[in-house]
Ligand code: F6P
């Protein structure tokens, strides 16, 4: 490849800038030009493309967000727009693209690969819901942000002898809930994968524990399980324990990336460029069994992933689930 494009797509994630920086610097070190594509596939379709150099990625490794901006582009699911995008790539001399994003973004990358543009996906999402990898860019920062918020919520929940429901992101995946629930010593961790929707069971547990002197209760609720405010109301009405719901929301997507996110994102960005320079296409970078590896995008998209079974197993003893 002579010229590669780099874009970020879907929800942003802390560490994306570190990945962009690694893509740009590795490409230039290999004698390859780099074009920054703004706002994901939407920007590609609008030809919002600019050449990048080593200076354009100076002082960004520590920043959350993405200097390339990001977007969710529905149009890109249609063949007409995929063909237009491939044409635009050819027009700009872009023969390879690094796509930093989640599963949806990889679908798009795979379509571009089929149209002759070399593509490599880099997993960037706070949700950790990409099956081919044990690590996704942004997850580590997001869980640390959520954990710190939960520590604070526990303080006030304890002073007031309340129950606190904390809703974390993850769309349909419960990884953020599981990790932050364990890390913050939550009494209950509700995930989309494992929670059976029986709030009565939780109410009974709170009542039992209240009787033996437990004064406050922290429930971590994964987004997608149910409305935390309604659940809080039901718990308060049934138990008499004052209950507050807090939705952590988009603060989980921002902030300076942790050391792990900066380092792993750098490695993944560099690996993506190395793959393109080796003539590989339609690949996705992953981190498995202690190594940075790569898979065929379609094979990666066909893989399935649940919650870490051992982490889930220990929650049965560490929480009152
Ligand atoms: O995929 C990342 C994520 O933050 C999910 O956890 C969440 O469901 C979704 O994006 C929110 O999307 P938006 O920022 O478009 O509201």
Open item on the list: Among the residues of the range 117-139, are any free of Cβ contacts under 8 Å to residues at least 24 places away in the same chain and either more than 11 Å from the ligand (Cβ to nearest atom) or surrounded by 24 or more Cβ atoms within 10 Å (Cβ to Cβ) (or both)?
Closed with: no
Open item on the list: Going through 105, 56 one at a time, which residue ends up being under 14 Å from the mean Cα position of the chain (by Cα), in a helix (DSSP H, G or I) and in contact (Cβ under 8 Å) with a residue 12 or more places away in the chain?
Closed with: 105
Open item on the list: I need the full set of residues from the range 210-234 which are at pLDDT 95 or above and over 19 Å from residue 150 (Cα atoms), in order please.
Closed with: 230, 233, 234
- [ ] Sort out for me the helices (runs of 4 or more DSSP H) sitting completely within the range 251-321 that have 2 or more residues that are within 20 Å of residue 7 (Cβ to Cβ).
- [x] 259-277, 297-302
Open item on the list: What pairs come out if I take residues in the range 247-260 that are on the phi > 0 side of the Ramachandran plot and pair them with residues that are not in a helix (DSSP H, G or I) whose C-beta lies under 7 Å away, six or more apart or interchain?
Closed with: 255/14; 255/64
TODO: Could you list all residues from the range 49-80 that are in contact with a strand residue (DSSP E or B) (Cβ under 7 Å, 6 or more places away or on another chain) and crowded, with 16+ Cβ neighbours inside 10 Å?
DONE: 49, 52, 66, 68, 70
- [ ] Just one of (1) within 16 Å of the ligand (Cβ to nearest atom); (2) within 24 Å of residue 262 (Cα to Cα); (3) touching a strand residue (DSSP E or B) at 6+ places or on another chain (Cβ under 8 Å) trips up residue 166, so point out which.
- [x] (2)
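Residue-by-condition table, conditions (1) more than 20 Å from residue 154 (Cβ to Cβ); (2) within 16 Å of the ligand (Cβ to nearest atom):
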{"site": "199", "(1), (2)": "yes, no"}
{"site": "210", "(1), (2)": "no, no"}
{"site": "220", "(1), (2)": "no, yes"}
{"site": "224", "(1), (2)": "yes, yes"}
Open item on the list: Take residue 34 and tell me if it is more than 15 Å from the ligand (Cβ to nearest atom), free of Cβ contacts under 8 Å to residues at least 60 places away in the same chain, within 21 Å of residue 264 (Cβ to Cβ) and in contact with a strand residue (DSSP E or B) (Cβ under 6 Å, 6 or more places away or on another chain).
Closed with: yes
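The values are calculated or read from the model by the stated rules, or taken from the named source; none is laboratory data. Remember, predicted model here, so these are calculated numbers, not experimental data. Please note: Cβ atoms are built from the backbone with ideal geometry, for glycine as well, and neighbour counts cover all protein chains shown.
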